[in-house]
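S.K.: The structure's right below; bear with me while I get my questions together.
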Amino acid sequence: MKIHHLNCGSVRTIEATYDGPPPAHAVNHCLLVETDADGLVLVETGLGLGDVRDPDATLGADWVTMAEPVLDEEETAVRQIARLGHSPGDVRHVIVTHLDVDHCGGLPDFPDARVHVLAAELEAAVAEAPSFRYRPAHWAHGPHWATYTPEGDDWFGFTSVQPDGLPPEIRLVPLGGHTAGHTGVAVHDGDRWLLHCGDAYYYHRELSADPHPHPVLDLVQTTSEVHHDLRLGTQARLRELVRDHGDQVSVFSAHDPWELDRLRG
């Protein structure tokens with residue numbers, strides 16, 4: 001499998017909390033996975049064409065004010081996939097960690113794809129929308145949903161779920177606390193695992209042995225959590241994963257620009 005790391009939606013500029021990397025736009029980190037037999041698999045979609053063209057209607061004016069998105073059509077997944085020589089129909093599967101606006105905004109750009117999500121997340125989104133975090137414009141086209149409950153095989157001490165129609169190198173790894181049905185996505189690149197943690201944490205220093213939250217990003221995650229203790233417990237388990245299996249697993253979150261740079265580099 002070939003894996004591409006994409007930024008599908010720059011948002012507000014943030015600074016690191018230590019000397020070193022310069023300020024950068026927070027990102028919406030997506031993966032495009034080229035499989036041998038199952039076509040293209042898109043992990044997260046970031047912001048879509050509809051969001052760029054009419055952000056207040058699809059994302060919501062309050063979210064736009066808070067996130068300060070750049071709204072560049074060339075950053076959308078569908079445009080980046082085209083530059084790699086593919087068409088939207090080549091994306092046969094989309095996996096979303098959750099259905100917050102900045103994680104599923106591109107779903108309408110891939111109407112034929114099968115969309116994999118935890119059942120609790122889809123239920124919460126449909127019940128609560130329209131809201132600050134869930135916007136029904138992103139699934140008004142009627143996605144081909146595939147839903148799952150957090151039961152399955154062990155993956156480095158975490159529960160993991162095998163998505164239907166996808167190879168064992170791609171797993172759902174439920175990581176609770178941020179939303180009702182939040183999941184990580186593990187992808188094996190042939191040498192090691194990548195774990196896309198979605199919004200289970202926001203800033204790479206949160207997973208250090210001596211954790212340091214980011215003042216801006218921490219405000220976002222604490223105000224959007226649905227279960228405080230579960231979220232903190234998930235982060236503690238991710239620290240243990242990095243400590244005990246960092247030679248086998250590369251862990252990253254959805255919005256940290258310095259993690260994206262490292263994985264691209």
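The values are calculated or read from the model by the stated rules, or taken from the named source; none is laboratory data. Not measured: the values here are computed from a predicted model. Positions of Cβ are backbone-derived with ideal geometry, glycine not excepted, and every protein chain shown enters the neighbour counts. Accessible surface is based on the protein model in full, side chains and every heavy atom, while ligands, DNA and RNA are left aside. Shrake-Rupley method; radii C 1.70, N 1.55, O 1.52, S 1.80 Å.
S.K.: Just to be sure before I move on: is HIS86 crowded, with 24+ Cβ neighbours inside 10 Å and either touching a residue at least 24 places away in the same chain (Cβ under 8 Å) or out of contact with any helix residue (DSSP H, G or I) (no Cβ under 8 Å at 6 or more places or on another chain) (or both) in the structure I sent?
M.R.: Spelling it out, it is not the case that HIS86 is crowded, with 24+ Cβ neighbours inside 10 Å and either touching a residue at least 24 places away in the same chain (Cβ under 8 Å) or out of contact with any helix residue (DSSP H, G or I) (no Cβ under 8 Å at 6 or more places or on another chain) (or both).
S.K.: Follow-up question, since we're still on this one. If ASP191 meets every condition in (1) without any contact (Cβ under 8 Å) to a residue 24 or more places away in the chain; (2) outside any loop (DSSP other than H, G, I, E, B); (3) open to solvent by 40 Å² or more (accessible area, probe 1.4 Å) apart from one, which number is that one?
M.R.: (2)
S.K.: Looking at LEU172, LEU263 in this structure, which one is in a strand (DSSP E or B) and modelled with pLDDT of 95 or more?
M.R.: Just a single option satisfies the conditions, and that option is LEU172.
S.K.: Identify all residues within segment 195-222 that are under 23 Å from THR45 (Cβ atoms) and of a type outside the set (A, V, I, L, M); write none if there are none.
M.R.: HIS196, CYS197, GLY198, ASP199, TYR201, TYR202, TYR203, HIS204, GLN221
S.K.: Separate question: Mind checking which residues of segment 37-58 are open to solvent by 10 Å² or more (accessible area, probe 1.4 Å), under 21 Å from HIS86 (Cβ atoms) and touching a residue at least 60 places away in the same chain (Cβ under 8 Å)?
M.R.: Those that are open to solvent by 10 Å² or more (accessible area, probe 1.4 Å), under 21 Å from HIS86 (Cβ atoms) and touching a residue at least 60 places away in the same chain (Cβ under 8 Å): ALA37, ASP38, LEU49, GLY50.
S.K.: If you don't mind, there's one more thing I want to ask. Looking only at segment 151-178, count how many residues are out of contact with any strand residue (DSSP E or B) (no Cβ under 9 Å at 6 or more places or on another chain) and either crowded, with 19+ Cβ neighbours inside 10 Å or closer than 14 Å to ALA120 by Cα (or both).
M.R.: The qualifying residues number 2.
S.K.: Mind listing whichever residues of segment 199-230 are in contact with a His (Cβ under 9 Å, 6 or more places away or on another chain) and loosely packed, with under 14 Cβ neighbours inside 10 Å?
M.R.: Selection gives THR222 alone.
S.K.: In addition: So which residues in segment 237-254 are part of a helix (DSSP H, G or I) and either touching a helix residue (DSSP H, G or I) at 6+ places or on another chain (Cβ under 7 Å) or open to solvent by 60 Å² or more (accessible area, probe 1.4 Å) (or both), if there are any at all?
M.R.: Listed by number, the residues that qualify are ARG237, LEU238, ARG239, GLU240, VAL242, ARG243, ASP244.
S.K.: Aliphatic (A, V, I, L, M), modelled with pLDDT of 95 or more, within 15 Å of VAL41 (Cα to Cα) and open to solvent by 10 Å² or more (accessible area, probe 1.4 Å): is that true of VAL94 in this structure?
M.R.: Taking the combined requirement at face value, the residue does not satisfy it.
S.K.: Could you figure out which of (1) open to solvent by 60 Å² or more (accessible area, probe 1.4 Å); (2) in contact with a helix residue (DSSP H, G or I) (Cβ under 9 Å, 6 or more places away or on another chain); (3) among the polar types (S, T, N, Q) isn't true of THR65?
M.R.: (2)
S.K.: Let me ask something else. Would you pick out the residues in segment 126-150 that are out of contact with any Cys (no Cβ under 8 Å at 6 or more places or on another chain), open to solvent by less than 50 Å² (accessible area, probe 1.4 Å), under 21 Å from ALA61 (Cα atoms) and of a type in the set (Phe, Trp, Tyr)?
M.R.: Across segment 126-150, the qualifying residue is only TYR134.
S.K.: So which of LEU40, LEU71 ends up being touching a strand residue (DSSP E or B) at 6+ places or on another chain (Cβ under 9 Å) and not small (Gly, Ala, Ser)?
M.R.: LEU40
S.K.: While we're here: Output the qualifying pairs, or none if there are none: Cβ atoms under 8 angstrom, residues six or more apart or on different chains, first residue in segment 1-26 and under 16 Å from GLU74 (Cα atoms) and modelled with pLDDT of 95 or more, second residue part of a strand (DSSP E or B) and open to solvent by 70 Å² or more (accessible area, probe 1.4 Å).
M.R.: Between residues of segment 1-26 that are under 16 Å from GLU74 (Cα atoms) and modelled with pLDDT of 95 or more and residues that are part of a strand (DSSP E or B) and open to solvent by 70 Å² or more (accessible area, probe 1.4 Å), the close pairs are SER10/HIS25; VAL11/HIS25; HIS25/THR13.
S.K.: Checking THR234 against (1) buried (at least 19 other Cβ atoms within 10 Å of the Cβ); (2) touching a Ser or Thr at 6+ places or on another chain (Cβ under 9 Å); (3) not in a loop (DSSP other than H, G, I, E, B): exactly one of these is not met. Which one?
M.R.: (2)
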